[in-house]
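Notes follow once the structure below has been shown.
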Amino acid sequence: MTNVKISNRHVDVYYGDNHAIKDVSIDILDKTVTAFIGPSGCGKSTFLRCLNRMNDTISSCRITGDILMDGEDIYAKSVDPVQLRARVGMVFQKPNPFPKSIYDNVAYGPKIHGLVDNKTDLDEVVELSLKRAAIWKEVKDRLNESGTSLSGGQQQRLCIARAIATAPEVLLMDEPASALDPIATAQIEELIDELRHQYSVVIVTHSMQQAARVSQKTAFFHMGDMVEYGDTTEIFTNPVDQRTQDYITGRFG
Amino acid sequence: MTFLTALSIVALAVLFYNFSRIRAISAANGVQANLHSRPSYHGLYSFLWVFLVGVTALIIGSILTPHPMVLFGVVAGLSAAVGIWTTRGITAETRARNKAERIVTGILWACAGVAVLTTIGIILSLVFETYNFFESLGWRVDKFLFGTRWSPLSGLQDGVMDPDRVGILPLMVGTLMITAIAMIIAAPIGLLAAIYLSEFASQRVRGWVKPMLEVLAGIPTVVYGFFAAITVAPLLRETGDLFGLKIASESALAAGIVIGIMIIPSISSLADDVINSVPQSLRDGSLALGATKAETIRQVVIPAALPGIFSAMLLGVSRAIGETMIVVMAAGQGANLTANPFEAVTTITVQIVMLITGDTDASTAAGPAFSLAFTLFCVTLVLNIVAMRVVRKYREAYD
C-alpha cells in the first residue's frame, strides 16, 4: 500500500565550499509522515529545502544527485520551481502569516495559481483549508482580521491552512512546533496525523518524542550524512548505528 | 580671561573627580566590595557638581560683567566650595551611582528640552508676526489666502500693505505644481530603484550603489540649481521648439524635474531600508507557496512595506515643498498665476527669500515673510500629521 513519492539518489548539497549534505539516498513514502531528526546543523533542514527547491533562492547553494517526484526529476530544466512549490507545500519554523486578512492569507495560493474561477469556489477552498487545519472554528467570524493578530499557535495553523490551500501532494514542515507552547504543539501534532491520510508529510524536528509520536518513518542525520532510515519504532527501539543510539538516548546532540 | 576661568572649572572638576575617587577607596578601607557605588561614580558625582556649578556661575557672571579677576575668583571659589562639599560626605554607603545617574538624566532631559523649546520659540514668533501682519491688513485673511495677485511691496503706503496685492494663491499654485512635477518624477523612479536594490541587486552592487545614493542625497541644492538653469532649462526650451511648444527659459517644468532628480536618492535610500526590513520569512512563505518573485514583491513585500514607503514619499514631498535654490534659479521670481508648467512660476520659499534679501526695510518685509513661512509651516505640519496617522494605522508589528 505504501509507494514511493519522492526518490532521492546520491544527493549532495554545497553552500559555497561547505559540503552540507553528503551522498544522501532516501525514499519518501506517500501518505506517510517521515521525520528527519538529528543535532543542530546536521543538514536536515537543508535537505528538506531541496525537496521544494527553496535552496534555489540561495545563490551560493549547489545541488547534485537525483531527486525524483513520482518518477520525474524535479531539478530537470523543464521543471519550473515555482510550479513545483505549488505541489510541494512548506510550513516554516516560525509562523509567518502575511500582513493580510486571514481570508487573504489562505486565498493567496489559490488566487496565484488560478485554482478557482469565482468567489464562491474561493470561499469554499478557504473554508475547507481552514477546517483541515483545525482552525476554522476559531476564525470563522473574523476572516477579515489580520493574520498577524492571531496567537502563535493559531498563526502556525493558519500557515498550514495556507499551504494546504494550493492542494499540494507533499507537505514539508520545518520544526513547525518549536516556537509553540505544549497545547498548541499537541494541536499541530494531531493535525499532522490527520494530514497523513491525504499527503506525504515530511517533518524536521528537534524533539524526539515528537518524531516518535507523529511519524511512521524516521531518518537520522548527522553532520551531513543520513546515518539511518527506517520505521520509526525500529529507529527508536532498535537502532543499528552507534551514532543513532547515542543521539536518541541523549548522549550527544 | 574668560577662557582661563573656564579652564579652571575643568581643572577643578578633574581634581575633585580624583579626590572623591580616592576618598571613596579609603572610606572602604581599600576594599571595593565594601562600597555601595564604584569609586569612579563618586568621582563622577563630584565632577558633575563642580562642572555644572562652575559653568552656571560663569554664564551668570558673564552677563553681569564684573571685573575679570573678580569673576575668576568667584567662579573658581564657588566651584571649589561645591567640590569640597561633595567630597566631605563620602562614606562607603553613599549612593553615588544613583545620584550621579540622576544628574546625567537631568542633563539629557535639558538637551531634549533645548530642541523642543527652540521649536516652540520659532512657532511662537511665526504666530506673533503673522498676527501683526494680518492685523495691519485689517484681518483680510481671505485676500491673503485666496487673492490672485502677489506684489506686496508695490502697494506699500506708510509701511502698510494693500490687501489686494498680498494674495498668495499664485505662490501656492506654483509650489504645488513644482512639487507635483517633482513627485511624478521621483516617486516611481525612487520606488523602483529601491525595489531593484533590495530585491534584485547582488550584495556587491548594493554595496557601492547604496553609499553612492547617500552621497548624492548630500549634494548642495545650489549645484542642482545651476544644473537646472544652465542645462535642463535650455534643453527643455529647444525640445519644446521642435514640437512647436513654447517653453519659457524659466519654467515650473525645469525646476520640478530637477527637484525630482534631487529627491530620488533620498526616496530610494529610505524606501530601500524599509523594504529590506520586511522579514525574509514573509518572502520565503510566499515563494514556498509557488509565487514568483514578482508576485511576492507585488503582493507581499510592497504591502508590508507600504507605511514606510508612504513616509519616504512624504519626506520627498516635504523636501520639494521646502526647496528654494533650484526654484530661484530655474522657475523664476515673478508671481504668475498659471496652471501651465511651461511658464515661469514662483513658490512660497522663493518669495520669502526675495522679501528678506530685498532693499525693503526689514521690519516691513518681515510681516509678509513670516506669514508665508507660517502658511508653509501649516502645510507641512498637516502633511506630517497625515503621514503619522497613516503609518500608525497600517503599521504591522514584526518580531
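Restricting the search to helices (runs of 4 or more DSSP H) fully inside the range B:45-160 and requiring at least 2 residues that are in contact with a strand residue (DSSP E or B) (Cβ under 8 Å, 6 or more places away or on another chain) gives B:141-146.
Rundown of residues vs (1) assigned to a helix (DSSP H, G or I); (2) free of Cβ contacts under 8 Å to residues at least 40 places away in the same chain; (3) touching a Phe, Trp or Tyr at 6+ places or on another chain (Cβ under 7 Å), yes/no style:
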{"residue": "A:Ala86", "(1), (2), (3)": "yes, no, no"}
{"residue": "A:Met90", "(1), (2), (3)": "no, no, no"}
{"residue": "A:Lys94", "(1), (2), (3)": "no, no, no"}
{"residue": "A:Pro97", "(1), (2), (3)": "no, no, no"}
{"residue": "A:Ala107", "(1), (2), (3)": "yes, no, no"}
{"residue": "A:Pro110", "(1), (2), (3)": "yes, no, no"}
{"residue": "A:Asp117", "(1), (2), (3)": "no, yes, no"}
{"residue": "A:Asp123", "(1), (2), (3)": "yes, yes, no"}
{"residue": "A:Val126", "(1), (2), (3)": "yes, yes, yes"}
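Counting only residues that are within 11 Å of chain B (Cβ to nearest Cβ), of a type in the set (A, V, I, L, M) and touching an Asp or Glu at 6+ places or on another chain (Cβ under 8 Å), how many does the range A:83-128 have? Counting residues in the range A:83-128 that are within 11 Å of chain B (Cβ to nearest Cβ), of a type in the set (A, V, I, L, M) and touching an Asp or Glu at 6+ places or on another chain (Cβ under 8 Å) gives 4.
For the range A:13-36, does any single residue satisfy the condition of being β-branched (Val, Ile, Thr) and within 14 Å of another protein chain (Cβ to nearest Cβ)? The answer is no, given that none of the residues of the range A:13-36 is β-branched (Val, Ile, Thr) and within 14 Å of another protein chain (Cβ to nearest Cβ). The range A:137-233 holds strands (runs of 3 or more DSSP E) entirely within its bounds, and those carrying 3 or more residues that are among the aliphatic types (A, V, I, L, M) map to A:170-174, A:200-204. No other residue among B:Ala254, B:Ala248, B:Ala228, B:Ala291 is touching a Leu at 6+ places or on another chain (Cβ under 7 Å) and aliphatic (A, V, I, L, M) apart from B:Ala254. Return a yes/no flag: does the range B:357-377 have any residue that is surrounded by fewer than 18 Cβ atoms within 10 Å (Cβ to Cβ) and under 30 Å from B:Ala305 (Cα atoms). Yes, the range B:357-377 contains at least one residue that is surrounded by fewer than 18 Cβ atoms within 10 Å (Cβ to Cβ) and under 30 Å from B:Ala305 (Cα atoms). A Cβ distance below 9 Å, combined with a sequence gap of six or more or placement on separate chains, defines the contacts here; from the range B:269-280, residues that are under 22 Å from B:Gly218 (Cβ atoms) reach residues that are outside any helix (DSSP H, G or I) in the pairs B:Ser269/B:Ala217. For the range B:332-343, the count of residues that are in a helix (DSSP H, G or I) and more than 14 Å from chain A (Cβ to nearest Cβ) is zero.
Of the candidates B:Leu253, B:Leu270, B:Leu213, B:Leu236, the single residue that is closer than 18 Å to B:Ala186 by Cβ and either at pLDDT below 90 or hydroxyl-bearing (Ser, Thr, Tyr) (or both) is B:Leu213.
With a requirement of 3 or more residues that are within 14 Å of chain A (Cβ to nearest Cβ) and surrounded by fewer than 21 Cβ atoms within 10 Å (Cβ to Cβ), the helices (runs of 4 or more DSSP H) lying completely within the range B:173-291 that satisfy it span B:203-216, B:280-288.
Residue check: is A:Cys50 within 14 Å of chain B (Cβ to nearest Cβ) and either over 16 Å from the mean Cα position of the chain (by Cα) or touching a residue at least 12 places away in the same chain (Cβ under 8 Å) (or both)? In short, yes.
Look at (1) acidic (Asp, Glu); (2) more than 13 Å from chain B (Cβ to nearest Cβ); (3) buried (at least 16 other Cβ atoms within 10 Å of the Cβ) and you find that A:Asp56 fails only one, number (2). Selection within the range A:164-194: residues that are crowded, with 19+ Cβ neighbours inside 10 Å and closer than 15 Å to A:Arg87 by Cβ. The member of this set that is nearest to the chain's Cα centre (by Cα) is A:Leu172.
Could you go through the range A:164-177 and let me know if any residue there is away from chain B (no Cβ under 13 Å) and small (Gly, Ala, Ser). Scanning the range A:164-177 turns up at least one residue that is away from chain B (no Cβ under 13 Å) and small (Gly, Ala, Ser).
The values are calculated or read from the model by the stated rules, or taken from the named source; none is laboratory data. Here the structure is a predicted model, which means the values were calculated and not measured. When we count neighbours, we look across all protein chains shown, and the Cβ atoms used for this are built from the backbone with ideal geometry, even at glycine.
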